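Worksheet: the structure to be examined is printed underneath.
Laboratory data are not the source of any read-out in this text; all were calculated from the coordinates shown. It should be emphasised that the depicted structure is a prediction, and the values quoted were computed from it without experimental measurement. Neighbour counts are summed over all protein chains in view; Cβ atoms, including those assigned to glycine, are modelled from backbone coordinates with ideal geometry.
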Amino acid sequence: MNDTRKQLPRNVGNGLNCSSCHIAGGTQANAGPYVGLTALFPMYNARDGRVISLQTRINDCFERSMNGHPLAWDAKEMNAMLMYIRWLSTGVPVGSQVAGRGMGQVDPSLKPDRARGATIYVAKCASCHGLQGAGTPDGSGGYVFPPVWGKQSYNTGAGMARTETAAAFIKSKMPMGQPDSLSDQDAIDVADYVAHQPRPVFAGGKPDAQAKRR
Ligand code: HEC
Ligand code: HEC
């Protein structure tokens with residue numbers, strides 16, 4: 001989960017690791033925690049319009065967030081990820097939802113101001129993620145601070161490419177080290193700016209049935 005790009009070069013098509021978004025190996029509230037997920041999956045998924053397994057959900061992130069290719073369901077790497085998530089879910093009763101699941105929330109009635117978002121990005125994000133969104137390389141092909149747009153980032157089909165999802169994550173976790181320091185309006189403005197920068201186009205067809213603001 002933490003070193004995905006190096007461990008699975010055939011499946012990852014960008015500069016990210018799962019933990020770039022599922023922070024600290026998927027153990028933090030409002031940063032896509034994996035805790036409790038084996039008590040919920042298989043479950044109905046609105047984007048797919050059908051019941052999906054945890055394997056399919058992981059592969060959705062490989063194809064969209066990692067701009068890459070799915071793992072076989074019986075691959076040892078898939079089973080390793082499933083075992084890790086199962087271990088994190090120890091003791092969570094089947095069917096119950098752990099508090100802090102997902103990316104958090106911002107007020108959905110707010111209207112994004114993309115120009116204001118650009119100003120916030122330069123002031124509060126560019127020091128780590130770069131003025132061109134390309135991140136800060138670590139010198140060995142990876143990143144100290146991951147790319148937020150461009151060829152090495154998530155594609156247009158990713159949840160993070162939706163203004164509202166990105167705003168919730170950014171409000172909960174960014175700038176790194178200063179969680180919850182942005183107002184909902186700041187988060188939605190900067191998210192709208194980042195979400196609409198150029199990035200790889202999702203090849204799998206319709207971008208995202210749930211997309212409201214693109
Ligand atoms: C660019 C950010 C990003 C990256 C990188 C990423 N994901 Fe995700 N992932 C998301 C978002 C956004 C969601 C949806 C969260 C929500 O529903 O609010 C999600 C959801 C999930 C879920 C379902 C969570 C739930 O509560 O139902 C799983 C499992 C998952 N991702 C696994 C992975 C794995 C494994 C990797 C690496 C192969 C990965 N993700 C990489 C952004 C990312
Ligand atoms: C001090 C450095 C720092 C600052 C400032 C910062 N981030 Fe991040 N950001 C990170 C790190 C590090 C990660 C990856 C998390 C990890 O690996 O634990 C990340 C991850 C992300 C991600 C998900 C991964 C990706 O590459 O898309 C987004 C989106 C993001 N940041 C947006 C922002 C926005 C918007 C701001 C400004 C409000 C911001 N960040 C400010 C360090 C920073």
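Couple of notes before you dig in:
- For the chain, a simple Cβ point-charge model (Lys and Arg +1, Asp and Glu -1, everything else neutral) yields a dipole of about 340 debye relative to the Cα centre.
- Sequence-distant residues sharing a close amide H with Thr136 (under 5 Å, placed H): Val144, Phe145
- For the range 63-79, 3J(HN,Hα) computed residue by residue from phi via the Karplus equation (6.51, -1.76, 1.60; θ = phi - 60°) reads 7, 10, 5, 9, 6, x, 10, x, 8, 5, 4, 9, 5, 5, 5, 5, 5 Hz, glycine and proline entered as x.
- Euclidean distance between Cα centres, the range 145-186 to the range 1-27, Å: 16 Å
- Partners for Lys171 among aspartates and glutamates (Cα-Cα distance below 17 Å; same-chain residues under 8 apart left out): Asp107, Asp113, Asp180, Asp184, Asp186, Asp189, Asp192
- If you look at the Cα atoms of the chain, you get an Rg and a Dmax of 16.5, 47 Å.
- Residue exposure sequence - Ser53, Ser172, Ser89 - by fewest surrounding Cβ within 10 Å: Ser53, Ser89, Ser172
- Relative pair counts by distance (%), Cα atoms of the range 114-195, 10 Å bins: 20, 55, 23, 2
- Taken about its Cα centre, the range 4-88 carries a charge dipole of about 100 debye when Lys and Arg each add +1 at the Cβ and Asp and Glu each add -1 at the Cβ.
- Degrees between helix 184-195 axis and first principal axis of the chain (Cα, 0 to 90, nearest 10): 80 degrees
- Under Karplus coefficients 6.51, -1.76 and 1.60, residue-wise ³J(HN,Hα) of the range 29-38 in Hz, glycine/proline x: 4, 6, 9, x, x, 8, 4, x, 5, 6
- For the residues Gly117, Gly139, Gly150, a GNM of the chain with alpha-carbon springs under 10 Å puts the largest fluctuation on Gly139.
- Computed from backbone phi, the HN-Hα couplings of the range 42-47 come to x, 8, 5, 10, 5, 5 Hz, rounded to whole numbers (Karplus: 6.51 cos²θ - 1.76 cosθ + 1.60, θ = phi - 60°; Gly and Pro given as x).
- Among the trypsin sites (Lys or Arg not before Pro) within the range 66-149, those in coil by DSSP and having at most 16 neighbouring Cβ atoms inside 10 Å are Arg101.
- Computed over the range 165-206, Kirkwood Rh from alpha-carbon pairs, angstrom: 11.2 Å
- Placed amide H near Asn45: partners under 5 Å, 5+ positions off or other chain: Arg50, Val51, Ile52
- Set Lys151/Lys173; Lys6/Lys151; Lys111/Lys151 screened for pairs whose C-alpha atoms are more than 25 Å apart: Lys111/Lys151
- Values of log10 I(q)/I(0), in the order q = 0.20 Å⁻¹, for the range 8-117 under a Debye, Cα-only, solvent-free model: -1.20
- By the count of other C-beta atoms within 10 Å, a proxy for reagent exposure, Val51, Val194, Val92 are ordered fewest to most as Val51, Val92, Val194.
- Helix-only mean residue ellipticity at 222 nm for the chain, each DSSP H run of n ≥ 4 adding -39500 (n - 2.57), per residue, nearest 500: -9000 deg cm²/dmol
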